[in-house]
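A.B. asks: I have a structure I would like to understand better, so I am pasting it below and will then ask my questions one at a time.
Every read-out reported here was derived from the displayed coordinates using simple, explicitly stated rules and does not represent laboratory data. It should be emphasised that the depicted structure is a prediction, and the values quoted were computed from it without experimental measurement. Glycine also receives a Cβ, built like all others from the backbone with ideal geometry; neighbour counts cover every protein chain displayed.
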Amino acid sequence: MKKEKIIDFGVLALRWYLVYYMIVYGWGKLTLSQFGVHDPAILEQPMIEVDSFYVAWHLYERSTFFNISTGLLEIIGGILLIFNRTVLVGALLVLSILAQIFIIDIAFTTGVLGYGLPVRIGGMMIADILIMYYYREKIIMAWKSLTNGISTKFTYKWWIFLILPVVGFLMDFIFAILLMPLKMLLNWMGV
């Protein structure tokens with residue numbers, strides 16, 4: 001077997017490694033079975049005495065929206081890794097998801113579970129980065145395509161750039177006013 005074919009098979013194996021875990025973790029969230037505190041004695045303690053792991057997992061369990069949206073993103077990322085045409089989009093999506101999970105695991109799980117989860121997620125991130133490295137020419141082409149020749153359609157005087165931070169800040173108020181009917185509808189629906 002040629003070296004290139006072995007490397008290609010290795011990348012394919014890394015893809016399926018990530019596909020498996022992204023779908024399994026995503027399914028756990030979709031079925032609302034990944035998070036939660038199952039020991040009532042922990043929930044009855046004063047909050048200051050409860051480890052941050054249990055606080056976080058309890059809060060994650062309470063949000064169906066969080067579980068379903070993150071579960072769907074994980075499954076979509078895993079599915080995108082399966083197909084050659086979408087592997088890079090999947091790798092980018094999965095890397096962003098894994099980075100967030102890595103931060104959560106370091107912040108909340110190490111006190112109770114040790115470093116097992118962050119190490120596993122770190123390995124998954126390395127696998128994802130190796131996949132992207134294997135396809136680096138395509139990523140470089142996409143980067144150049146996305147960043148070359150980008151500018152505003154018109155030129156502006158220098159002082160415009162001085163007031164842009166203020167205008168940008170005021171945009172928050174404009175969007176708040178424009179989206180107020182949506183906020184009222186969501187409150188009315190109890191969402």
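A.B. asks: Given the C-alpha centroids of region 1-23 and region 140-165, what is the distance between them in whole angstrom?
C.D. replies: Cα centroid to Cα centroid, the span is 39 Å.
A.B. asks: Still on this structure: What is the distance, in nm, between label points placed 7 Å from the Cα along the Cα-to-Cβ direction at residue 115 and at residue 59?
C.D. replies: Taking the simple label geometry, residue 115 and residue 59 are separated by 2.5 nm.
A.B. asks: Name the aspartates and glutamates eligible as straight-distance cross-link partners of residue 138: C-alpha to C-alpha under 20 Å, and not fewer than 8 places from it in the same chain.
C.D. replies: Those aspartates and glutamates meeting the cut-off are 4, 8, 128.
A.B. asks: So I have (i) 9, 39, 39, 11, 1; (ii) 9, 36, 36, 16, 3, 0; (iii) 8, 23, 23, 25, 17, 5, 0, and one of them is P(r) over Cα pairs in 10 Å bins from 0, in percent calculated from this model. Which one is it?
C.D. replies: (iii)
A.B. asks: Could you tell me the relative contact order of the chain? Use alpha-carbon pairs under 8 Å, at least six residues apart, and round to a whole percent.
C.D. replies: Details: 142 pairs, mean separation 39.5, N = 191.
Relative contact order of the chain: 21 percent.
A.B. asks: Right, something else. Below 8 Å, C-alpha to C-alpha, sequence gap of six or more: please give me the relative contact order for region 84-130 in percent.
C.D. replies: 44
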